[in-house]
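Enquirer: Provided herewith is a single structure, encoded as structure tokens, for subsequent inquiry.
No lab work stands behind these numbers, since they all come straight from the coordinates. Remember, it's a predicted structure, so these values are computed and weren't measured experimentally. Here the Cβ positions follow ideal geometry from the backbone for every residue, glycine too, while neighbour counts run over all protein chains shown.
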Amino acid sequence: MNQDVYKLLEVQKFDKQISDLEKSIENLHTKIDKIAEVMLQRKTIIEKMQSELKEIEEDRSDKKELLNDAVERLKKLDIKINEATSEKQLKAINTEIEIAKTNEITLKEKIESLDEQIDVKFKETSSKQEKYEQLEKAKNDYENKYLKEKKDIDDKIKIINKEKTKLFESIDHTLLAKYNKINRWAKGTAIVPVKSGACCGCFMKVTPQTLVMMEETEEVVYCPNCGRILIKEKDEEP
Ligand SMILES: [Zn+2]
């Protein structure tokens, strides 16, 4: 095997460590994003419930005003009936009183029913709001954890990178550049062994010519499918 590839395997060990560290912090971020998504959905539901509650409360307040009017009307009619001077007038006032009383009863019933609705809606909204606040707290906790861990991981990666760069000097620059280019997407798996005739990066069978090149030359061999650098299985642990 090409000697520089041996050295690159050492570089790859550092790149694998970096990739693992990056993955662990990414997972934490994904968790935060998921909570934020759920929170957004719940917020929409809560806002809808609050607006429904407001509507019922406004309806109640309108009905309450109408009830007050009806009560006032009845008071006035009570005075009026005492001042009635003819039977015809008395009959007319009595009819008015009956209408106002029916009105009063209907309004009282409606207000009672609206009070019940308000009570139920308020409890539902409060319970949803409480759960939302719990989520918010969990999100904040995760965010703090993320910030702390991100800093730790960034520091660790800096140290690993320093160690890694020390190896660069003795490696052919063109090959190193190619390796770095592959590692940008392969993340610690830029060099992989061939097992049972397949590339361990993309798991596709490699061509017979590729196998021959690996066996018989010192050339750096690339997977014809994914472009990773290929090594023999036995060379995996130098
Ligand atoms: Zn491949």
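Enquirer: Are there any pairs with C-beta distances below 8 angstrom linking a residue in segment 139-160 that is in contact (Cβ under 8 Å) with a residue 40 or more places away in the chain and part of a helix (DSSP H, G or I) to a residue that is of a type in the set (Phe, Trp, Tyr) and surrounded by 13 or more Cβ atoms within 10 Å (Cβ to Cβ), with the two at least 6 apart or on different chains, and if so which?
Expert: Listed by first residue and then by second, the contacts come to 160/14.
Enquirer: Can you tell me which condition residue 232 does not meet? The list is (1) within 15 Å of the ligand (Cβ to nearest atom); (2) basic (Lys, Arg); (3) out of contact with any Asp or Glu (no Cβ under 9 Å at 6 or more places or on another chain), and all the others hold.
Expert: Failing condition for residue 232: (3).
Enquirer: Looking at segment 122-167, which of the residues that are of a type in the set (Phe, Trp, Tyr) and touching a Leu at 6+ places or on another chain (Cβ under 7 Å) is surrounded by the most Cβ atoms within 10 Å (Cβ to Cβ)?
Expert: First pass over segment 122-167, keeping only residues of a type in the set (Phe, Trp, Tyr): 122, 132, 142, 146.
Those still in the list that are touching a Leu at 6+ places or on another chain (Cβ under 7 Å) too: 122, 142, 146.
Details: 122: 15, 142: 17, 146: 15.
Result: 142.
Enquirer: Would you be able to say whether some residue in segment 177-185 is more than 15 Å from residue 4 (Cα to Cα) and in contact with a Cys (Cβ under 6 Å, 6 or more places away or on another chain)? Before the answer, list the steps.
Expert: First, pick out the residues of segment 177-185 that are more than 15 Å from residue 4 (Cα to Cα): 181-185.
Restricting the remaining residues to those that are in contact with a Cys (Cβ under 6 Å, 6 or more places away or on another chain) gives none.
Looking through segment 177-185, none of the residues is more than 15 Å from residue 4 (Cα to Cα) and in contact with a Cys (Cβ under 6 Å, 6 or more places away or on another chain).
Enquirer: Can you tell me how many residues in segment 216-228 are surrounded by 17 or more Cβ atoms within 10 Å (Cβ to Cβ), more than 10 Å from the ligand (Cβ to nearest atom) and not in a loop (DSSP other than H, G, I, E, B)?
Expert: Number of matching residues: 1.
Enquirer: Now, a different point. Please find, among 63, 128, the residue that is closer than 30 Å to residue 39 by Cα, in contact with a helix residue (DSSP H, G or I) (Cβ under 6 Å, 6 or more places away or on another chain), touching a residue at least 12 places away in the same chain (Cβ under 8 Å) and among the charged types (D, E, K, R).
Expert: Working: 63 fails: closer than 30 Å to residue 39 by Cα.
Criteria check complete, one pass: 128.
Enquirer: With surrounded by 11 or more Cβ atoms within 10 Å (Cβ to Cβ) and closer than 30 Å to residue 153 by Cα as the only criterion, which of 108, 76, 48, 23 stands out?
Expert: Step by step, each of 108, 76, 48, 23 is checked, and only 23 is surrounded by 11 or more Cβ atoms within 10 Å (Cβ to Cβ) and closer than 30 Å to residue 153 by Cα.
Enquirer: Please go through segment 171-205 and pick out each residue that is more than 10 Å from the ligand (Cβ to nearest atom) and surrounded by fewer than 16 Cβ atoms within 10 Å (Cβ to Cβ).
Expert: 173, 174, 177, 180, 181, 184, 185, 187, 195, 196, 197
Enquirer: Output the number of residues of segment 33-60 satisfying the condition of being touching a residue at least 40 places away in the same chain (Cβ under 8 Å) and out of contact with any Asp or Glu (no Cβ under 8 Å at 6 or more places or on another chain).
Expert: Step one: filter segment 33-60 for residues touching a residue at least 40 places away in the same chain (Cβ under 8 Å), giving 35-36, 38-39, 42-43, 45-46, 49-50, 52-53, 56-57, 59-60.
If we keep only those that are out of contact with any Asp or Glu (no Cβ under 8 Å at 6 or more places or on another chain) too, we end up with 35-36, 38, 42-43, 45-46, 50, 52-53, 56-57, 59.
Result for segment 33-60: 13.
Enquirer: Another question about this same structure. Residue 210 passes all but one of (1) free of Cβ contacts under 8 Å to residues at least 40 places away in the same chain; (2) within 37 Å of the chain's Cα centre (by Cα); (3) within 15 Å of the ligand (Cβ to nearest atom); which number fails?
Expert: Going through the list (1) free of Cβ contacts under 8 Å to residues at least 40 places away in the same chain; (2) within 37 Å of the chain's Cα centre (by Cα); (3) within 15 Å of the ligand (Cβ to nearest atom), residue 210 breaks only (2).
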